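A short worksheet on the structure shown next.
Read-outs throughout are calculated quantities, based only on the coordinates presented, and are distinct from any laboratory measurement. All values derive from a computational prediction rather than experimental measurement. Counting neighbours? That spans all protein chains shown, and the Cβs are built from the backbone with ideal geometry, glycine included.
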Amino acid sequence: MAMVSMRQLLDEAAAGGYGVGAFNVNNMEQIQAIMEAARETSSPVIIQASRGARSYTNDRFLYHLMEAAVELYPEIPVALHQDHGNSPATCISAIEQGFTSVMMDGSLLDDGKTPADFAYNIQVTREVVEHAHAVGVTVEGELGTLGGIEDGVGSGEIHLTDPDQAVEFVEQTGIDALAVAIGTSHGAYKFSRKPDGKVLAMNLIQEIHEKLPTTHLVMHGSSSVPKELIDIINEYGGEIRPTWGVPVEEIQLGIRHGVRKINVDTDSRLAITGAIRKAMAEDPGEFDPRSYLKPARAAMQQVIAQRMTQFGQAGHAGDYEPRSLTEMRDFYAGATA
Ligand code: G3H
Ligand code: 13P
Ligand code: ZN
């Protein structure tokens, strides 16, 4: 099976009422962990690479690892997505490299830090949509900026998504999926206690979904940061401070209100780091990298398989025939004709 369009995965998820995890990768072991978890749970998957991941791997290594993944797991529909593209040029280069989906994050300027204005966001996102849809590639946009309501991390400025502006943004850009800012942030330190409605604005998801029932909503910063994974890291010499992530039941609530893509990176990082620390501490004389990379891969597989089940994508890998990007191109051309 070739890599498939993310739009198709999300349309199917909407029809089936489930969410699809979008898991970040930087190396072969992470791709293997996700594909094994997908096979174990029979899940369609979104694999995503940040700009940092693309430069760490080099695009060609990444693309060929992904080609190996689709060859070795022919029963699994896989979309390859650019996470947080900072400019049209980044998104266009991802498309040229074979990505089937891109995020144009025009909520920030191209430094990836400074909050951008609405007009800029519309302009760069529309430019990417025109380019991407002409070749059948999916586009995710973002409105509002991430960062905890509580402690102001992320861009440093928190702008929750305004539901009325979201309607205008989707109309003006023609995006397939909309990332919304509801108080989450990237990384391990999201909340200092279990989040409630004061710091995690799940009500916004419901409001936006009511106004935009056919737009696929995306939750970023959605690792749950399980205490068990932090405990393993700290038991073996790590120093992760007490922290809270996004509870799975809040994500499940989001899925009932239009969330179709859930971004998870930190939980994989925690699982891998804990397993490596443990393996090294338990056998200090060992120096074969496989002795710690194998348990690291297995630990990531375990957490990903758990999320696939919790998000509801498990069991849906074989539901549909993947459409080619050429078919998707014709679909977009028909939609705008
Ligand atoms: O967007 C955040 C993801 O966790 C990727 O992080 O830029 O360190 O690869 P990264
Ligand atoms: P986490 O840091 O919560 O895993 O979020 C990842 C993310 O949103 C990637 O775009
Ligand atoms: Zn993100």
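Structure summary
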quantity: Between region 7-60 and region 283-337, the Cα center-to-center distance that results, in Å; calculated: 4 Å
quantity: Overall dimensions of region 6-147 as given by Cα atoms, namely Rg and Dmax in Å; calculated: 15.1, 44
quantity: Computed P(r) (all Cα pairs; the chain; 10 Å bins; percent); calculated: 6, 27, 37, 23, 6, 1, 0
quantity: Taking the convex hull of Cα positions in region 154-195, its mean projected area over all directions (nm²); calculated: 4.0 nm²
quantity: MRE, 222 nm, helices only [DSSP H, n ≥ 4, -39500 (n - 2.57), over the chain, to nearest 500]; calculated: -15000 deg cm²/dmol
quantity: Order of His131, His316 under a 10 Å beta carbon neighbour criterion, fewest first; calculated: His131, His316
quantity: Electrostatic dipole magnitude of the chain [Cβ: Lys, Arg +1; Asp, Glu -1; Cα centre; debye, to 20]; calculated: 520 debye
quantity: Subset of Lys190/Lys227; Lys194/Lys278; Lys227/Lys278; Lys211/Lys261 violating a 23 Å alpha-carbon distance limit; calculated: Lys194/Lys278
quantity: Cut-off under 5 Å, modelled amide H: who pairs with Ser107 long-range; calculated: Glu142
quantity: Protection-proxy order for peptides 49-61, 207-219, 6-18, each taking the mean of Cβ atoms within 10 Å per residue, highest first; calculated: 6-18, 207-219, 49-61
quantity: Cα-based radius of gyration of region 258-337 once divided by 2.2 N^0.38 Å, which approximates compact folds; calculated: 1.70
